[in-house]
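Only one structure is covered here, and it is reproduced in the block below.
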Amino acid sequence: MLSLAELQHRIASGDLAADAAVAQSLEAINAHDKTIGAFVCRTENARATHAGPLRGIAVGIKDIMDTADFPTEMGSAIYRGWRPRGDASVVMMLKQAGATIIGKTTTTAFASLDPTATVNPRNPGHTPGGSSSGSAAAVAAGMIPLALGTQTGGSVIRPASFCGVAAIKPSYRLLPTVGIKCYSWTLDTAGLFAAGVKDLAHGLSAMTNRPDLLPGAPMRAPRIGVVTQDFAGAPEAAGVEALRIATVAAERAGASVRALAMPEIVAEAWRIQPVVQEFEAHQALAWEYRVHYAAMPPILRARLDESRETTPAAYDDAIKIASQGRDALAAIFEGVDVLLTLSAPGAAPKGLASTGDARFNRLWTLMGVPCVNIPAHVAEGGLPVGVQVVARFGDDAGALAAARFVEDALARR
């Protein structure tokens, strides 16, 4: 994979020209994307900008984010060929930081469940996950050093786990969602994919102009609470092993590690998350569902059909439970620095009929807290399995620092 931080260092030192760094990504896309299918469209002759911390860094943009220079089709025939007049806010943040937008990456239709044709670079017989399929796959295949995705249920952390890359779903609204196709305004969160945690930190810091996100001195051994999310059902053997490996590695590296059970109100928040998600989806996708019903992707259409009778009262109750869950989770962080939990039930499912299950992701998205995926285990078939570090709301710097601690511990084991 291409390390963003390493490319930045080489460009700053004069060892690598910024244009050459962008050309490197173009060559890698030409070499690999015919078989992986991570890009919907891309430029053929991109050039680097002249300034900014991300000068020479080629970035892929999930195709539900508006781009003035490329179509934004949202994985749906309804928007085929649609050209926005302007860029989404996160795209402009990248441009202002000097990044080169190299193309649009595949997304499941409207960032929901209907799969793309993108394959997993680690094993092409398996899904790369979704909905940010192309972004995860493009980074994993070494085509680009940075890509943007979004998460409503588990669409950043899960594909990162399946493809064996680092990813961050930041705190809710750290990155603006203006110009991103909405599915659920309470949940939708823009996120980043990169080769490693340090690369995520450099990318997010440059986008947001927040130097506190940059890696600093090695983190003191964190207090880690291990959460198995029993209310979400049993994981597969590969998921259990990934969490065990990461837990042992962190403890050997000096972290204080203990198992934590979540309060019942947090488990109840997990149970009501679909009520929030689908009630809001009916409003966010009202035009597509009512005017273009026949053209709606079938799995999403069926999900909206099933949730059509959800009442405002049920939604209001779910919002109250979510708020109570956030309060209870905040109290948990009084005793630990971060949580360590599953990124996915196990390795990427075989075939392209499913993008996998978000049941170990959706709570943390509803809570609005920062989550970082770290590859922890390689299962049968060369398939990666990750774990996620979860920090308190607003502590994105702490989430990245603790994730780097675990990442380093895993590298030393």
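Quick look at the values:
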| quantity | calculated |
| --- | --- |
| Subset tally (residues that are hydrophobic (A, V, I, L, M, F, W, C) and either in contact with a Phe, Trp or Tyr (Cβ under 7 Å, 6 or more places away or on another chain) or free of Cβ contacts under 8 Å to residues at least 60 places away in the same chain (or both)) for the range 39-63 | 4 |
| Long-range neighbours under 7 Å by Cβ, at least six apart or interchain, first residue touching a residue at least 12 places away in the same chain (Cβ under 8 Å) and over 15 Å from ALA259 (Cβ atoms) within the range 328-339, second surrounded by 13 or more Cβ atoms within 10 Å (Cβ to Cβ) and among the charged types (D, E, K, R) | ALA330/ARG392; PHE333/ARG392; ASP337/ARG223 |
| Selection count where residues are closer than 21 Å to ARG362 by Cβ and more than 16 Å from the chain's Cα centre (by Cα), scope the range 376-400 | 5 |
| Residues located in the range 134-155, provided they are of a type outside the set (S, T, N, Q), out of contact with any strand residue (DSSP E or B) (no Cβ under 7 Å at 6 or more places or on another chain) and more than 14 Å from ILE102 (Cβ to Cβ) | ALA137, ALA140, GLY153, GLY154 |
| Residue within the range 27-46 that is touching a Gly at 6+ places or on another chain (Cβ under 7 Å), of a type outside the set (Val, Ile, Thr), part of a loop (DSSP other than H, G, I, E, B) and closer than 29 Å to GLY164 by Cβ present | yes |
| The range 295-322, residues that are closer than 27 Å to SER76 by Cβ, loosely packed, with under 13 Cβ neighbours inside 10 Å and of a type in the set (D, E, K, R) | ASP305, GLU306, ARG308, GLU309 |
| Matching residues, the range 125-143, being in a loop (DSSP other than H, G, I, E, B) and more than 17 Å from MET1 (Cβ to Cβ) | GLY125, THR127, GLY130, SER131 |
| Residues of the range 144-163 that turn out to be more than 19 Å from TRP185 (Cα to Cα) and of a type in the set (Ser, Thr, Tyr), as a count | 1 |
| Selected residue [among the aliphatic types (A, V, I, L, M), over 13 Å from ALA409 (Cα atoms) and either part of a helix (DSSP H, G or I) or free of Cβ contacts under 8 Å to residues at least 40 places away in the same chain (or both)] from ALA250, ALA267 | ALA267 |
| Only one of ALA397, ALA411, ALA379 that is free of Cβ contacts under 8 Å to residues at least 12 places away in the same chain, of a type outside the set (Asp, Glu) and surrounded by fewer than 24 Cβ atoms within 10 Å (Cβ to Cβ) | ALA411 |
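This table checks each residue for (1) within 23 Å of ASP337 (Cα to Cα); (2) buried (at least 22 other Cβ atoms within 10 Å of the Cβ).
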residue: TRP185; (1), (2): no, no
residue: ASP212; (1), (2): yes, no
residue: ALA217; (1), (2): yes, no
residue: ALA221; (1), (2): yes, no
residue: VAL266; (1), (2): yes, yes
residue: VAL275; (1), (2): no, no
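Residue by residue, here is whether (1) small (Gly, Ala, Ser); (2) over 18 Å from GLY153 (Cβ atoms); (3) without any contact (Cβ under 8 Å) to a residue 60 or more places away in the chain holds:
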{"site": "ILE319", "(1), (2), (3)": "no, no, no"}
{"site": "ALA322", "(1), (2), (3)": "yes, no, no"}
{"site": "LEU366", "(1), (2), (3)": "no, no, no"}
{"site": "PRO384", "(1), (2), (3)": "no, yes, no"}
{"site": "ARG392", "(1), (2), (3)": "no, yes, no"}
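No value in this document is a laboratory result; all are computed from the given coordinates. What you see is a predicted model, and the numbers here were worked out from it, not measured in a lab. So basically every Cβ, Gly included, is an ideal-geometry build from the backbone, and we count neighbours across all protein chains shown.
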